[in-house]
Amino acid sequence: MGVEAARLALRGVDASKHSGPDALLFGTALPAYADKTNATAIHAALRLSSSIPAFDMGASVGSTAGALRLGLSTIGDRLIVMSDMRTGLAGSADEANGGDAAAAFVIGESDAVVAEYIGGASITEEFIDRWRTPGDIRSKVWDDKFSELTYVAAGRQAYKNALEAAGLSADQIDLVAVAAPTARIGSALASKVGAAKVVDDLTATIGCTGAAQPGLVLANALESAEPGQTIALVVLADGADVMILRTTPALAKYTPVRSIAKQLESGAPLAYGRFLSWRGMINVEPPRRPEPARPSGTAAARTTDWKFGFVGSRDSQTGDVFLPPMRVSSDGQRTDQMEDAPMADVQGTIATFTVDRMAYSPSPPIIFAVVDFDGGGRLPIELTDTDLEEVAIGGRVEMTFRRLFTADGIHNYFWKGKLIRG
Amino acid sequence: MASHGIRDQVAIVGMGCTNFVENWGASLDDMMIDASNEAYASAGVNKDDVDAYWFGTAQSAMSGIALARALQLQNKPVTRVENYCATGSEALRQASYALAAGAYDLCMVVGAEKVKDTGFQGLNANPIPNDGTARTLTAAAMFSMIVPAYGNKFGVDEDTMRAALSHIAVKNHYNGARNSRAQFRKEITVETVEKAPKMAGTLGLFDCAGVADGSAAAIVCRAEDAHKYTDKPIYVKALSFIAGNGGGLTDPNYDYTTFPEIAACAVDAYAQAGVTNAREQVAMAEVHDCFTPTELLLMEDLQFSARGTAWRDVLDGVFDLDGELPVNPDGGLKSFGHPTGASGLRMMFEAFLQLRGEVPEERKIHSLAEGRKLALTHNLGGYPGEMVSFISLLGAELD
């Protein structure tokens, strides 16, 4: 999800006005790896230059507010990626009220800027609200009422301090967007700060999305804001962080590549049993076939551009596209006369397809299609987020970065196809 | 570039074949010993008479030692061969060339596979370390993609496609029911095929070949020596092999309605054997019916049917046991299962029996009596778009 959000964010930036980021900061409360940096997989999928650093912000909900504040209050072009999956035991409030989401922002100084940072403040609190032992699938919660009182107090103080830092009064804030551990805490604070309008925190539709929530509510605010408006983003996580932004005239010309509303429209119902199996809450009988072997670390290191960046090769003479990349031309006559063929943003058409009810998959059955890409190139590849009934020869497909499976603790990231609807 | 072939230079003078079953009670060694002893007896030779061995197994053993140790061979050269599902056929091809080259006078080919010791369903390749981006689909799913592509291209509706595929399954089980070595010896109905659980795409259980253990063996010599061993040698007319370069997986022009490797292999094999009209000259064919749509396409790639018409020939019974050109008269992979290293030689075993007139009455084909003289065997290994192809043509008479 982090990769997908970052792809949308980078595609939304006018490249003629803004160069790429000079650092990537990634925050999640549910990192795929401990010890190993998680941001590097996103870095590789985005094909950022190896000279651009990629850092994890730590496995807490509050980490992403930190990334955003750091990015906004220091000099430099940053790509901030926030992604989270909210897990909880079956029947828990976290399961019912949680949501999975990712958001990404490109921060920098140029004509492309749609909102300027004009001031912020933080209140740091050490108290037991929610906590989780690393590796557990559930968080525990102390006392809702105690949390609410503590957060509202911290939030109001930070809000006041931020207004001072920005040189604004409360009535000069047009939109307030609050990211809180629960919808109730968020609305309790929002009702007390005196802003003209409270932005929908999407907890009713998507749910509380943990470390992604600050990005999600800020994106929602930006998608509904007019140029010249002030937005206060409040994040309640182990204290409170407030960031105040003013939208620029550039916002008028900015259209999100895929708006939140549009993404919500394209959602589909998911059976609870399937949800539980995806979450690892119930074990589904696997096919009586060998489970996939762990990917080779060294082999993957040789093919990073292909595996993470979905870059094939294009014969510089014939234009033939090879997925995966090849060194030798299709007639066998020429070696190493290829150029990169980045295909992650290229769409394709289904030539033929099938469903495999026997192959191993974390989400069986595997729907699989032979995809012919616009402008050349073919790859037989798994489809995701797709119902079998929708698949047909001639159907249109776009690529999305996914985890295929995990073996020996190694997450096997690669790309899948996804039907383009509508 | 040339493919001269070795038409009429090499002969099969003895063969053996175990029953193909889920052979819980027999090891790879047991099956190789049984198939080999039957082949020695068939040719009237003993172990020491054989100069060199070729041993085909896809993944049940490594190196020639596996065969040398099982048979306790005494200082014999044994070459282990692997070439996907064409492994057994490929072993015979290599032995034949060694004979034609004059390197040896009498060679033996043993193909064997112990599939059922894994505890898994289907055939599963040993994993080779990779970057995790290769597809992990089953063979059934890869071959099932033929069905919509073929129907779409040639305007064959789903019901007609289904009828043709079901006919292939019913035919091969009908033939297998008449073969004591087959794994499945029951006739099935169209209804059974169509009500079976779906495995991949529109393919159900009975559209897929079985899985079995087995071994088969052949003794080969130069044609001029053949009558030293038997009155009824079977001569090699053609041996053709093509390893595809995977072009179909990357080339959008490949449309999943043909196997180009096999079409090219057939052209080469027919040229080697001097066949000008396969539909009229070939008496029988043992083909790689791993899945029913595979056999359908093979009828076109092997030039038995014109493009887009095999479904009609299938439904008209052209390839039935009593048809014009019987295909898989022994029951095919459908009835035998597919012990990878053995299957190619099992096909040749049926050609050997049919050409020598040694099959039971109920499995006899008419085409030989009607003057056709050639038996074809065919293996493929891999998937649509990326496969190896083997074709042999065999005959009981020298040209």
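The values are calculated or read from the model by the stated rules, or taken from the named source; none is laboratory data. Just so it is clear, the structure is predicted and the values come from calculations on it, not from any experiment. Backbone-built Cβ (ideal geometry, glycine too); neighbour counts: all protein chains shown.
Restricting to segment B:127-154, and then to whatever is of a type in the set (D, E, K, R) and at the interface with another protein chain (Cβ under 7 Å from one of its Cβ atoms), can you tell me which residue is nearest to B:S305 (Cα to Cα)? Result: B:R135.
Among (1) modelled with pLDDT under 90; (2) over 23 Å from the mean Cα position of the chain (by Cα); (3) within 30 Å of A:A115 (Cα to Cα), which single condition is A:P287 missing? A:P287 satisfies every listed condition except (3). If we keep just the residues of segment A:392-405 that are of a type outside the set (D, E, K, R) and over 13 Å from A:G348 (Cβ atoms), which is nearest to the other protein chains (Cβ to nearest Cβ)? So, considering only residues that are of a type outside the set (D, E, K, R) and over 13 Å from A:G348 (Cβ atoms), the one nearest to the other protein chains (Cβ to nearest Cβ) is A:L404.
The residue list A:D144, A:D136 contains one member that is surrounded by 14 or more Cβ atoms within 10 Å (Cβ to Cβ) and acidic (D, E), which is A:D144. Any idea which residue in segment A:368-385 is farthest from the other protein chains (Cβ to nearest Cβ), counting only those that are β-branched (V, I, T) and under 24 Å from the mean Cα position of the chain (by Cα)? Here the answer is A:T384. Here A:D345 meets each of (1) within 26 Å of B:N124 (Cβ to Cβ); (2) more than 10 Å from chain B (Cβ to nearest Cβ); (3) not in a strand (DSSP E or B) with one exception, condition (1). Is there a residue being assigned by the TED database to the domain that holds A:L72, out of contact with any Pro (no Cβ under 6 Å at 6 or more places or on another chain), among the charged types (D, E, K, R) and surrounded by fewer than 17 Cβ atoms within 10 Å (Cβ to Cβ) anywhere in segment A:173-188? Yes, the conditions are met somewhere in segment A:173-188. Those helices (runs of 4 or more DSSP H) of segment B:262-372 in which at least 1 residues are surrounded by fewer than 18 Cβ atoms within 10 Å (Cβ to Cβ), considering only elements entirely within it, cover B:278-281, B:310-315. Just one of the listed residues (B:Y104, B:Y97) is away from every other protein chain (no Cβ under 14 Å) and not in a helix (DSSP H, G or I), namely B:Y104. When segment A:274-330 is filtered for residues that are touching a residue at least 12 places away in the same chain (Cβ under 8 Å), more than 8 Å from chain B (Cβ to nearest Cβ), in a loop (DSSP other than H, G, I, E, B) and among the hydrophobic types (A, V, I, L, M, F, W, C), the ones remaining, listed by number, are A:M281, A:V284, A:F308, A:F310.
The condition (being in contact with a strand residue (DSSP E or B) (Cβ under 8 Å, 6 or more places away or on another chain) and closer than 26 Å to B:M161 by Cα) is satisfied by just one residue among B:E300, B:E286, B:E280: B:E286. The set of residues in segment B:113-124 being more than 9 Å from chain A (Cβ to nearest Cβ) and assigned to a loop (DSSP other than H, G, I, E, B) consists of B:K114, B:V115, B:K116, B:D117, B:L123.
Among residues of segment B:85-106 being among the charged types (D, E, K, R) and within 17 Å of the chain's Cα centre (by Cα), the one that is nearest to B:Q9 (Cα to Cα) is B:R93. Scanning segment A:67-86 for residues that are out of contact with any Ser or Thr (no Cβ under 8 Å at 6 or more places or on another chain) and among the polar types (S, T, N, Q), which turns out surrounded by the most Cβ atoms within 10 Å (Cβ to Cβ)? Among residues in segment A:67-86 that are out of contact with any Ser or Thr (no Cβ under 8 Å at 6 or more places or on another chain) and among the polar types (S, T, N, Q), the one surrounded by the most Cβ atoms within 10 Å (Cβ to Cβ) is A:S73. The set of residues in segment A:225-271 being among the charged types (D, E, K, R), under 22 Å from A:E4 (Cβ atoms) and part of a loop (DSSP other than H, G, I, E, B) consists of A:R258 alone. If the condition is being in contact (Cβ under 8 Å) with a residue 60 or more places away in the chain and hydrophobic (A, V, I, L, M, F, W, C), then segment B:311-323 contributes B:W311, B:V314, B:L315, B:F319, B:L321. In a residue-by-residue description of segment A:406-421, the property of being in a loop (DSSP other than H, G, I, E, B) and at the interface with chain B (Cβ under 9 Å from one of its Cβ atoms) applies to no position.
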